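Some notes on the structure that comes next.
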Amino acid sequence: MARPASARLTGYQSGKRAAPGAGTSPRSLAGAFTSLATREGLPWPARLFLLALLIPWIIDLGPLRMSIDRIVLVMTIVPCLLMWLTGRAGQVRATDLFLVVYCLWCFVSLLVVYGAEAMQPAGILFLETMGAYLLSRVCIRKASHFRGMVLLLFFAVLFLLPFALFEAIAGRNILLETFNSILPARHDYFMKPRWELRRVQSVFDHPILYGVFCSGVFALAHMVLGSTQSWFRRWSRTAIVAAATFCSLSSGPLSALAVQSLLILWNWLFRNIPSRWSILLALLALMYIAVSLVSNQTFFEFYVHYFAFSQDTGWDRLHIWQYGWASIFKHPLFGIGYHEYERPEWMEPSIDMFWLINFVRFGIPAGVLMLLAFGSVILSLALKKGLDDKRETYRAAYLITMAGLFTVGWTVHFWNAPYLLFMFLLGSASWMFDDEAQATSPRDSRRSGERVDHRMIQPRRRYETPIRRGIRPSPKRRFKATLME
């Protein structure tokens with residue numbers, strides 16, 4: 001009798017060599033990704049992608065300017081799309097649809113602004129947005145995957161920290177110099193020192209992007225990695241991430257660090273009050289009303305003006321806000337693409353606000369869609385009921401991290417590696433919506449670094465010897481059963 005399709009073994013599983021050319025189709029690649037997602041530990045495509053964020057090489061392929069992380073996404077986006085379309089990456093969610101429509105609208109707006117030349121920038125935008133997002137949707141399907149992601153990001157921050165300290169004190173970016181000596185890499189973007197220290201750029205395009213990358217690991221390292229560790233190890237890791245973020249000497253990442261620290265403190269102080277987050281939202285709403293009534297500035301102007309390193313930086317962002325919205329109202333539907341927006345000559349051409357720049361470049365619909373994609377993840381996860389203790393902790397860490405990124409997004413524009421990390425993190429929480437909570441085996445717990453009480457684990461018997469009345473197994477059968485237990 002023929003075996004059912006679900007029971008047939010692939011060439012890899014059965015020990016037989018696959019036929020030449022087998023397993024290279026997009027559908028077989030998607031199947032390989034599915035098998036990876038069922039294993040413990042962070043799957044290798046996600047590891048490869050996160051490590052590629054730290055490689056600053058730029059490779060010119062004809063008219064394309066490709067980075068290592070983009071090359072990884074080119075290799076993974078097709079199987080990720082197939083898995084998402086076939087339901088093997090979990091249920092299709094509102095965030096998925098918002099991002100798909102966002103990419104389609106950006107393509108239409110670029111087509112209106114540039115004509116046929118829009119294909120290349122629209123393709124890169126789709127690759128970086130949906131490629132990074134779907135990769136995390138596919139590869140992070142359980143708690144051990146999520147913990148593996150956080151652990152790898154922490155080790156990335158730890159690896160960069162000694163070079164960051166040297167760069168801040170000595171004023172030389174030796175890490176970027178080393179990469180540039182091998183292949184063309186990102187430019188060394190020297191900025192005016194602060195407090196007689198150089199603002200650390202590390203392997204990223206700008207010091208503020210290095211700070212964004214490090215600040216995105218702060219709450220995750222403290223709550224996810226520290227949930228099963230000693231007090232000393234938890235706070236040591238937290239201090240390492242905080243020191244790395246400080247090396248950027250940028251007000252945006254430091255404000256994200258402050259927001260996460262306050263939220264972590266609030267969560268700990270009122271951990272026995274189930275409605276603590278509702279109380280916090282009510283207090284924030286009262287604060288917003290108070291600032292709007294008492295101050296002659298809007299809440300956004302109040303935040304930007306008083307939470308910047310210098311008055312000049314605060315006023316620059318206020319001018320960006322003012323002239324950015326003037327450009328939005330002038331081009332409300334399709335935006336201006338990647339052209340420079342209208343502003344006084346003394347202003348810099350950059351728009352240092354991630355949540356604003358989508359409105360300016362691609363029109364109001366694109367900006368709203370990005371906000372909806374972000375908000376749908378946060379709101380649906382915050383309202384999710386019936387989570388176990390581990391998922392509760394991971395959810396709190398994730399929401400606090402995204403709150404920090406939301407805050408810094410009003411003073412920083414995400415591009416290149418930090419944008420890819422942001423999209424990857426946006427999709428990394430989809431596993432928390434799944435209802436099944438699988439028990440963790442001792443082997444899985446050792447891999448993830450969690451403590452296991454082995455006294456509570458019953459041995460699994462692969463062979464049972466039947467003992468019936470009046471029948472005792474032979475010594476040979478008893479010995480064989482003992483060996484196979």
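For the stretch 318-405, chymotrypsin sites (Phe, Trp or Tyr not before Pro) are listed when DSSP marks them as loop and at most 12 other Cβ atoms sit within 10 Å of their Cβ; the list is TYR338, TRP346. Between THR228, VAL212, SER278, whose Cα lies farthest towards the positive end of the dipole of the stretch 143-432 when Lys and Arg beta carbons carry +1 and Asp and Glu beta carbons carry -1, centred on the Cα centre? Toward the positive end, the furthest listed residue is THR228.
Where Lys and Arg each count +1 and Asp and Glu each count -1, what net charge lies around PHE270 among other residues with Cβ under 15 Å from its Cβ? Please list the in-between numbers first.
On the way: positive: ARG271, ARG276; negative: GLU392.
Local charge sum for PHE270: +1.
The ranking of CYS214, CYS103 by Cβ neighbour count inside 10 Å, starting from the fewest, reads CYS103, CYS214.
Rg/Rh for the stretch 143-432 to two decimals, with Rh computed the Kirkwood way over all alpha-carbon pairs.
Numbers: Rg = 19.6 Å, Rh = 20.3 Å.
On the Cα set of the stretch 143-432, Rg over Rh gives 0.96.
Here each label is just a point 7 Å from Cα along the line to Cβ, and for TRP44 and ALA290 those points are 5.6 nm apart. Distance from the C-alpha centroid of the stretch 127-156 to that of the stretch 65-118: 17 Å, rounded to the whole angstrom.
Simple rule: put +1 on each Lys or Arg Cβ and -1 on each Asp or Glu Cβ in the stretch 143-432, find the dipole, and look at LEU372, SER181, TYR323; the Cα lying farthest toward the positive end is LEU372.
By the beta-carbon count within 10 Å of each Cβ, the least crowded to most crowded order of ILE169, ILE77, fewest first, is ILE169, ILE77.
Here the stretch 162-265 is assigned +1 on the Cβ of each Lys and Arg and -1 on the Cβ of each Asp and Glu. Its dipole about the Cα centre then comes out at about 220 debye.
Tell me, what is a quarter of the convex hull surface for the C-alpha atoms of the stretch 132-238, in nm² with one decimal? Don't skip to the answer; put the middle values down first.
Numbers: hull surface 33.6 nm².
Directional mean of the projected Cα hull area for the stretch 132-238 stands at 8.4 nm².
Projecting label points 7 angstrom from Cα along Cα→Cβ for ALA258 and PHE159 puts them 3.2 nm apart. Each residue in VAL259, VAL78 was given a count of other beta-carbon atoms within 10 angstrom of its own, and listing them fewest first yields VAL78, VAL259.
Which order do the peptides 264-276, 106-118 take when ranked by the mean count of other beta-carbon atoms within 10 Å per residue, highest first?
On the way: 264-276: 11.8, 106-118: 17.2.
Top to bottom by mean Cβ count within 10 Å: 106-118, 264-276.
Using only side-chain charges placed at the Cβ, +1 for Lys and Arg and -1 for Asp and Glu, the dipole size of the stretch 143-432 relative to its Cα centre rounds to 1000 debye.
Compute the Rg to Rh ratio over the stretch 41-134 from the alpha carbon atoms, using the Kirkwood formula for Rh, and round to two decimal places. Let's see the in-between values first.
Details: Rg = 14.6 Å, Rh = 14.6 Å.
Radius of gyration over Kirkwood radius for the stretch 41-134 works out to 1.00.
For the peptides 154-161, 246-253, the ranking by mean Cβ contacts within 10 Å, running from highest to lowest, is 246-253, 154-161.
Every number in this text was worked out from the coordinates using simple rules, so none of it is lab data. Since the structure is predicted, the reported quantities are computational estimates derived from the model, not experimental observations. When we count neighbours, we look across all protein chains shown, and the Cβ atoms used for this are built from the backbone with ideal geometry, even at glycine.
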